[in-house]
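Participant: First, the structure itself, so that you have it in front of you.
No value in this document is a laboratory result; all are computed from the given coordinates. These numbers come from a predicted model, not from an experiment. Using ideal geometry, Cβ is built from the backbone for each residue, glycine included, and neighbour counts are taken over all protein chains shown.
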Amino acid sequence: MVVRRQWTDYAALGCFLAVRMSSAIALIYLHKAAGHSVSSATAYSVYFYVYWPSFAVESILALIVVYSIFKLAMAPLKGLQALGMLVFKWAAGISVAVALSSAVTPSMNGAALKGTALIVNAISQLQRTQSILTLCLLLFVCFAIRPMGLSYSSRIFGVSLGLGFMATTDLVQSAWLVFHPRMDAGYDLINGCVICVILATWTGYFSLPEPKRRIIVLPTTSPFLRWNQISAALGDNPGFVAIGGVPPELFAPAELEVMRRASIKMSSPVAQFPAPVPERLTMSRAI
């Protein structure tokens, strides 16, 4: 991203990778140091409070990445872009609120979650919400890639594809942890392989030159064109009408002068057409 000068467009993805890399280095050190330089109990406590907060930050950054990808994909159609971003904000806000509220509500046995269990459940629900929105974005990009002037070699599709793989892996992992609540499990190997494939995919998309975006040519009957026109019209500022008397100080001096001259013209008598010249006088002048 830095070499290709794409940091401006994909800053959220860069921050996401930076947070994941930093947390991974810290977690690997704690995992290896447990029982040696650091006691197992201390290592687990530190591991817990590094893993879950970083996981929450990654989920929030992933939502921002999805938002930025959608914004880039809909760049040619400004009307649909503005409408879609508004819908995305509402959907993300409602999904996060539902996820957090479901974590606070009592469990099936009637007992309320407390302490670390509440943190784990809230962050897990947030991660599931983010994964579902990411998969919805991938589905949208796959269907709208041609109408938006993109191709499967574009970086927008490559980033969306990697996010889709990551979201699918996270959803499977959240279900796996319910039945296998161990830090060391066979699924960790699969998760690591998927992450390596995702990083290799993103590296390839950013390393190779990106094809230029095609000019969008839509027929007059295209629903994209109609909805873009409607969305652009809805986003314009409405006109304003002055009701009642307007004080003169609201107008500029030039406007007042124009109004004064116009009123003078309106109050002056209408100019009469000149009387017809007698035919005899006209002939004499011609002679």
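Participant: Of the peptides 16-23, 161-168, how do they stack up when ordered by the mean number of other Cβ atoms within 10 Å, highest first?
Facilitator: 161-168, 16-23
Participant: Among T116, T129, rank each residue by its count of other Cβ atoms within 10 Å, from fewest to most, as a rough exposure measure.
Facilitator: Least to most surrounded, the residues fall as T116, T129.
Participant: Shifting gears a bit: Could you calculate the FRET efficiency of A24 with R146 from 1/(1 + (r/R0)^6), where r is the beta carbon distance between them and R0 is 25 Å, rounded to 0.05?
Facilitator: The computed FRET efficiency comes out at 0.10.
Participant: Sort 253-259, 89-95 for me by packing, meaning the mean count of neighbouring Cβ atoms within 10 Å per residue, highest on top.
Facilitator: Peptide ranking by packing, descending: 89-95, 253-259.
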